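Working notes, structure below.
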Amino acid sequence: MAETTSGGTGRTRLTSLDALRGFDMFWIMGADALGGVAAAMVKDRAEWVRHLADQLEHVAWEGFRFYDLIFPLFVFIAGVSLILSLGRLEREKGKDEALIRLVKRAFVLYLLGVLYYGGWSKGWDQVRWMGVLQRIAISYLGAGFCVIFFKARTCAFITAGLLVGYWALICFVPVPEFGAGNFAEGKNLANWIDFKFLPGKKWDGTHDPEGLLSNLTAVATCLLGTFAGRWLVRTDKAPASKSAGLAVAGVVLLALGFVWSFQFPIIKKIWTSSYVLVAGGWSCLLLALFHWVIDVRGWSGWCRPFVWVGLNPISVYLAANLVSMDNLARRVAGGPMASGLNGWMPHLGDMVLALVGIGWCFLLAWFLNRRKLYIRL
């Protein structure tokens, strides 16, 4: 497979993977704002238009929308990257060096996650020990251990074991007052374990959407990404065949996930096994599309801004927390300008503000790429 060099890192990389990571970060950077404004703009329009706007918001509990794919897609991509980075390091310097790199990256990423949510500035009882970056760190660490110490077939059994084991725990372990097999919010085993054993701040009061028990299936999501990575680095397959294989895998995962959902619902906030399969299926399909368009067909000019972001995803993510992009946007397009646009068309000024906020993130990514600054954990 022909690989292309992204940015100026001096390493051979899959441009499609960097672009997909940047595409994913694009929604993390501004989907909340865009979704809310879009929903307000089209609230009186046709039903199908409102449905599209709804896709930019999370479901309240059970179900699946486009925005529910964004987080697991990033974890899936981390799994693909594990094969490309740790695999190369292990071949060049051995398992010990790969393991040291894995643990260091996971530890730093976890620590950044704690600091992202305020660290211990409000007291130890308000530290958020489980969050988005923390989940990525744990998933990366768990999947990385599997990649370093086990062959692909064993990793497949581990993935299946995590999914089936989690299903068995949720369905058959009784929760005090609510019994076994209860999937309702606050009444399931995952939420109960958070309530009893997760210290510090919990995002949803008594439990957390990135809680303790669901880390098991989050590791499975990352492992699904490692299988995609193994497929992409094979030298006995033509590039177009790799895109096709990813697409087939995506369809199979979607089918399995939707069938399983009749008994084990798709619920992002407790990362159910059916959710893992559905999210993994869509992730495979998106990777197949990006790989075919960019790396097979060579149509890559359109994705350059996404590549900038994809080369520095954690930097952009942290910058959006440390520096309010919304405040910067208001300095440029707020006040009379936004009010005037809203007067001309309801919520148009709000949409412009949301787009300007995202634009600041792209500008930062462009600057870092221009200066060849790539902050890697």
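Coordinate-derived values only; no laboratory data. Since the structure is predicted, the reported quantities are computational estimates derived from the model, not experimental observations. When we count neighbours, we look across all protein chains shown, and the Cβ atoms used for this are built from the backbone with ideal geometry, even at glycine.
Here segment 31-299 is treated as a sphere whose radius is the Kirkwood value from Cα pairs; by Stokes-Einstein at 10 °C and 1.306 mPa s it diffuses with a coefficient of 81 µm²/s. For segment 129-150, the residues whose amide N sits under 14 Å from a probe point set 7 Å from the Cα of residue 233 along the beta carbon direction are 144-150.
Cβ-Cβ distance of residue 120 and residue 154, R₀ of 56 Å, FRET efficiency by 1/(1 + (r/R0)^6): the value works out to about 0.90. Taking the number of Cβ atoms within 10 Å of each Cβ as an exposure proxy, the fewest-first ranking of 68, 54 is 54, 68.
Per-residue ellipticity at 222 nm from helix content only, as computed over the chain with -39500 (n - 2.57) for each DSSP H run of at least four residues, stands at -21500 deg cm²/dmol. Here 125, 204 are placed in order of increasing Cβ neighbour count within 10 Å, fewest first, which gives 125, 204. Relative protection proxy for 179-186, 224-231, from highest mean packing down: 224-231, 179-186 (other beta-carbon atoms within 10 angstrom).
The fewest-to-most ranking of 15, 154, 235 by surrounding Cβ atoms within 10 Å reads 235, 154, 15.
Pair-distance distribution of segment 94-238: all C-alpha pairs, bin width 5 Å, starting at 0; shares per bin in whole percent are 2, 10, 15, 17, 17, 15, 12, 7, 3, 2, 0, 0.
Can you return the lysines within cross-link range of residue 202? Criterion is Cα-Cα under 19 Å, with same-chain partners fewer than 8 residues away left out. The reachable lysines, counting only those whose Cα sits under 19 Å from residue 202, are 122, 187, 268, 269.
What the Cβ-Cβ distance of residue 371 and residue 244 gives, at R0 = 45 Å and to the nearest 0.05, is a FRET efficiency of 0.70. Highest GNM mean-square fluctuation among 34, 348, 223, for the chain modelled with Cα contacts below 10 Å: 348.
A dipole drawn for the chain from +1 and -1 charges on Cβ atoms has a positive end, and of 173, 192, 279 the residue lying farthest that way is 279. Taking every alpha-carbon pair under 8 Å whose residues sit at least 6 apart, the chain reaches a relative contact order of 25 percent. A crude spin-label estimate for the pair residue 203 and residue 100, with each label 7 Å from Cα along the Cβ direction, gives 3.4 nm.
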